[in-house]
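Let me begin by presenting the structure, written as structure tokens, before commenting on it.
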Amino acid sequence: MVYVAWLVILLIPYWLGPIVVWLTQKAGARPVFEPFTPGRHSVPEDVVAAFRQTCDALTTDGFHVVADLFQTGQMRHVSTRVALLENPATGELALAVGMFTAARPARLVASYAELPTKFRDGRTVSVHNSPLLGSFTPPPSRVVVPLPIVRDPARLCRIKRAYLDRHYRGVERVPFEHQNDPARFLGDAMVRELSEQVEAGAWRRDDRAGVFRPRFTSAWVMTWRALPPFSVLRRRRIHRRASAILKDLNMAGPDPRPIAQPRTRVSLRWVAAVAILAFLLTQLGSRVLRTSWTFPSEFVVPAAFPGAVRALERLAGAEATPLVGTDSVGDSLLTEGFAVSVPSARAEALVAAAQPRFLEKGFYLFRSEQHFGIAGRSDRVALFPRNDRYEILRLMGTNGWNYNVGPDSIVAWLRALERDHPFVLTGMGFDCVEGRFGSAIGDADALARRFYAFCPDVVDQGTETVDALAQELRESQRLYCWWD
């Protein structure tokens, strides 16, 4: 029986993964590309380097950049920088693409060139050197030729021309209609690909939500194709096919000027396994914990602080230890407070229910550490003998020093915010602060911009867009900042 349980756990990515993909995977039905702005759009340095080298290599082959665009939010956590290039002498089109995710615990990246060709009869051929394993099956009218073993974009251009000359000689080519609005041209191309998947029965369009979603059977196929051993077999098959194409064209051999592919810090299979396991623990485990614990209605907070600490121990079912903060030079600081360990699934509920009762006695209850149940770690709920939350923030050393934001700056910002939007703080940690607003937010868009200006990570590594943050503020009424 134990072996069966371990087998079920080890196979979690293969049976729970497709369900998670089916429930959460979506692509926007109205993708938007905007001009790339260095100060506004952040791209990892290695992705920028590979992207520039790709553009430079295509430039040596007669191309010039028509548009440099950026897009985010189309797929969750995925951002894309893409340059549209044109060769005036040949009428050819090229794309230089840099994709990356800001999702943790890993950063997935890809840099590649794509060379599309359009024919009068409606067919298209696209030659690219992307290292990513695609999840779409193109229709018969669209031929995709993946050549990931070719890392020199200029050489890729020569191979594409030879491939077309071998297989499509005499077929009339027509130009792409991109000159007037390159951003719309790329957006329409993405929608067209997704619409092809709808026509094939693999995806469906949810007009109410304005997104495309995979069908249940497609979610299983997509997930299994991305996991070993299927992903390994697919990659080998693509490489064998690419080698065969180059040999058939008499163009086999090393790249003259290869461009290094930015490194992925953690492999896709491990990211998928960790994400799905975390989902299982936090979602399924939290339901069990929530149903097995309720806040006792007869709970009373003693008037003396030592008695209040013992009451918190009984409530949490754990022994209290001294609360440790951080001083102005980053060293540990022993405070007058105490903290207990509480399972992540009920820490928030405990603070929300018990905080008002502790405040009545002049004590401040808050979450001092939040671990989201990762690796089985519990959160820490702390009790302080006074109810000055800004004193606690300073003692905890809450900061965003990577943005030159110290505890005093955070206190000043929160005091100003409180005048416009009263709130209660429920969490204060080393690099994060959380709470809830006391009333409905009038102008969520303005408040979201205010949050983004002070704490960029809440958007850049969280909601991805300021508009999404505004929507989240409207729905949750939560205050949350963290500086990574």
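The values are calculated or read from the model by the stated rules, or taken from the named source; none is laboratory data. Being a predicted model, the structure only gives us computed values, none of them experimental. Here the Cβ positions follow ideal geometry from the backbone for every residue, glycine too, while neighbour counts run over all protein chains shown. Protein only, heavy atoms only, side chains kept; ligands, DNA and RNA dropped before computing areas. Shrake-Rupley method; radii C 1.70, N 1.55, O 1.52, S 1.80 Å.
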Angle, helix 45-60 long axis vs. longest principal axis of the chain, Cα atoms, 0 to 90°, nearest 10?
20
How long are the three semi-axes of the equivalent ellipsoid of the range 330-484, in whole Å, if each is the root of 5 times an eigenvalue of the C-alpha gyration tensor, listed from largest down?
24, 17, 17
Checked against the positive end of the charge dipole of the range 189-237 (+1 on Cβ of Lys and Arg, -1 on Cβ of Asp and Glu, about the Cα centre), the farthest of W220, V198, A209 is W220
Give, rounded to the nearest 20 debye, the magnitude of the charge dipole that the range 440-484 has about its Cα centre when Lys and Arg contribute +1 at Cβ and Asp and Glu contribute -1 at Cβ.
200
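Hand me the trypsin sites (Lys or Arg not before Pro) from the range 170-236 located in a DSSP loop with no more than 11 other Cβ atoms within 10 Å, in residue order please.
Of the trypsin sites (Lys or Arg not before Pro), the ones in loops of the range 170-236 whose Cβ has at most 11 other Cβ atoms within 10 Å are R208.
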Give me the percent of the accessible area of the chain that comes from carbon and sulfur atoms, probe 1.4 Å, all protein chains in place.
56
Select from the range 446-484 those chymotrypsin sites (Phe, Trp or Tyr not before Pro) which occupy a DSSP coil region and have at most 15 other Cβ atoms within 10 Å, ordered by residue number.
none
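Rounded to whole Å and ordered largest first, report the semi-axes of the equivalent ellipsoid of the range 426-484 derived from its Cα gyration tensor (root of 5λ).
17, 15, 8
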Lys, Arg +1 and Asp, Glu -1 on Cβ, resulting dipole of the range 116-205 about Cα centre, debye, nearest 20:
320
By how many degrees, 0 to 90 and rounded to 10, does the Cα axis of helix 344-360 deviate from the longest principal axis of the chain?
40
Within the range 39-130, DSSP-loop trypsin sites (Lys or Arg not before Pro) with at most 16 other C-beta atoms within 10 Å are R40, R76, R120, R123
Relative to the longest principal axis of the chain, what angle (0 to 90°, nearest 10) does the C-alpha long axis of helix 268-279 take?
30
Rolling a 1.4 Å sphere over the protein heavy atoms, what is the accessible area per residue of the range 6-94, to the nearest Å²?
51
I'd like the Kirkwood hydrodynamic radius of the range 359-410, using the inverse of the mean 1/r over distinct C-alpha pairs, in Å.
12.5
State the answer as a single residue: which of L365, W22, Q355 lies farthest towards the positive end of the charge dipole of the chain, with beta carbon charges of +1 for Lys and Arg and -1 for Asp and Glu, about the Cα centre.
W22
If you count only protein heavy atoms with a 1.4 Å probe, what accessible area per residue comes out for the range 291-424, rounded to a whole Å²?
49
Loop by DSSP (not H, G, I, E, B), at most 13 other beta-carbon atoms within 10 Å: where is the longest site-free stretch of the chain for GluC sites (Glu not before Pro)?
1-171
Cysteines without a disulfide-compatible neighbour (Cβ-Cβ under 4.7 Å), the chain
C55, C157, C432
Keeping all protein chains in place and using 1.4 angstrom, which order do F430, F384 fall into by accessible surface area, from largest down?
F430, F384
K160: which lysines have alpha carbons under 28 Å from its alpha carbon, excluding same-chain residues fewer than 8 sequence positions away?
K118, K247
Accessible surface, per residue, of the range 197-264 when the full set of protein chains is kept, probe 1.4 Å, Å²
65
Computed for the chain: size of charge dipole around the Cα centre, +1 on C-beta of each Lys and Arg, -1 on C-beta of each Asp and Glu, debye to nearest 20, value 1980
Shape of the range 386-467, Cα gyration tensor, a/c cut at 1.5:
oblate
Out of L469, A320, A50 - ranked by how far each Cα lies towards the positive end of the dipole of the chain, with unit charges on the beta-carbon of charged residues - the top one is A50
From Cα coordinates alone, what are the radius of gyration and Dmax values for the chain in angstrom?
27.1, 91
